[in-house]
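Structure first, commentary second.
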Amino acid sequence: MKKLLVFAVFVVSIVTTTNAQSEKYYSVMGSTLQQMGDAKTAESWLELASKFERIAEAEKTQWLPYYYAALCQAYAGFSSTKIDKDAVGNKARELCDKAAALDNNSELYVVRYMAATIQMMVDPMNRWQQYGQMAQTALDEGFKLDKNNPRLYYMQGQSMFNTPPAFGGGKDKAKPMFQKAVDLYKSQPKTNPLMPSWGETQAADMLAKCG
C-alpha cells in the first residue's frame, strides 16, 4: 500500500510539472505570435525569429517554434532590399531542417519555398536554374504531404501570378490556385491557436487582383 501511495504521488508530480511546462509554452508562444502582427521591418522580424528559436531550444520536442523562427527569417528576407537574402534563406532552411527532425510536414515546405524564392530574386536570370528548381521541389514535396494545405496553393498562385504569360503564367493561370487557397482557408479547422493560419487575407486579395 505504501509503495502504491509513493507511486501515485510520483505520477501526480509528473503530471503537474508537465502541465506547468505546457502552460508556460502556450503562454510564451501565444505572446510571441501576437508580436508578429506588429512586425514591419526586417530587424523586427529577425528579432522575433531569435525569440522563437530560443523557445525551440528550450522546449526540445516542439517543431512549431522552429517553424515560426524560419517563417520570420523569410518575412525578413521579403521585407527589405538591403538584407542579406542568402543569409536569411539559408537560416530559414536550417531551422526547417530542425523542425523536420521533430515533425516533417507540409508547412515546412511552404517556408522552404519562400526561402528559395528569396534567394532566387537576388539575380533571377542567373539563379533561376538552382533556386527556381528548389522552390518548385518544395511545393511538390509539400503537396505530397498535404494536398489540402491552403498556403501551398497561395504560394503556387503567387509564383504563377508573377510569371509572364509568355512563359506560361499570368492572372488567368494564377486565379484557380488562389481560389483553391481561399476555399481551403474557409474549411480549415482552427482548433489549435498555435498552428499556422496565416495567408487567408492575402490569398483573397490576390484572387481579387486576378479579376
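The values are calculated or read from the model by the stated rules, or taken from the named source; none is laboratory data. What you see is a predicted model, and the numbers here were worked out from it, not measured in a lab. For neighbour counting, all protein chains shown are included, and Cβ atoms are generated from backbone atoms with ideal geometry for every residue, glycine included.
Observations on the structure shown:
- Flag if PHE161 is over 19 Å from the mean Cα position of the chain (by Cα), in contact (Cβ under 8 Å) with a residue 40 or more places away in the chain and more than 30 Å from GLU59 (Cα to Cα): yes
- Every residue from segment 90-109 that is part of a helix (DSSP H, G or I) and either of a type in the set (Val, Ile, Thr) or more than 22 Å from LYS147 (Cβ to Cβ) (or both): ASN90, LYS91, ALA92, ARG93, GLU94, LEU95, ASP97, LYS98
- Every pair of residues 6+ apart whose Cβ atoms lie under 8 Å, when the first sits in segment 179-198 and is within 14 Å of LEU64 (Cβ to Cβ) while the second is modelled with pLDDT of 95 or more and charged (D, E, K, R): PRO196/GLU107; PRO196/ARG151; TRP198/ARG151
- Flag for GLU94 being closer than 21 Å to TYR66 by Cβ, acidic (Asp, Glu) and buried (at least 19 other Cβ atoms within 10 Å of the Cβ): no
- Among residues that are more than 29 Å from PHE52 (Cα to Cα), surrounded by fewer than 14 Cβ atoms within 10 Å (Cβ to Cβ), out of contact with any strand residue (DSSP E or B) (no Cβ under 6 Å at 6 or more places or on another chain) and at pLDDT 95 or above, ASP140 is not included.
- Residues located in segment 175-211, provided they are among the hydroxyl-bearing types (Ser, Thr, Tyr), part of a helix (DSSP H, G or I) and within 20 Å of LEU139 (Cβ to Cβ): TYR185
- Only listed residue being under 17 Å from LEU152 (Cβ atoms), in a helix (DSSP H, G or I) and among the small types (Gly, Ala, Ser), chosen from ALA116, ALA87: ALA116
- ALA138 being in a helix (DSSP H, G or I), assigned by TED's automatic domain parsing to the domain that holds PHE52 and either closer than 18 Å to TYR154 by Cβ or small (Gly, Ala, Ser) (or both): no
- Matching option when the condition is modelled with pLDDT under 95, in the same structural domain as ASN105 (by TED's automatic domain parsing) and more than 21 Å from VAL122 (Cα to Cα), among LYS51, LYS60, LYS24: LYS60
- Boolean, MET160 is in the same structural domain as TYR68 (by TED's automatic domain parsing) and assigned to a helix (DSSP H, G or I): no
- Positions within segment 164-175 being free of Cβ contacts under 8 Å to residues at least 12 places away in the same chain and either out of contact with any helix residue (DSSP H, G or I) (no Cβ under 6 Å at 6 or more places or on another chain) or buried (at least 16 other Cβ atoms within 10 Å of the Cβ) (or both), in sequence order: PRO164, PRO165, ALA166, PHE167, GLY168, GLY170
- Taken together, GLN202, GLN179 contain a single residue that is out of contact with any Gly (no Cβ under 9 Å at 6 or more places or on another chain) and surrounded by 12 or more Cβ atoms within 10 Å (Cβ to Cβ), which is GLN202.
- Meets criteria (buried (at least 21 other Cβ atoms within 10 Å of the Cβ) and either modelled with pLDDT of 95 or more or over 13 Å from the mean Cα position of the chain (by Cα) (or both)) for VAL111: yes
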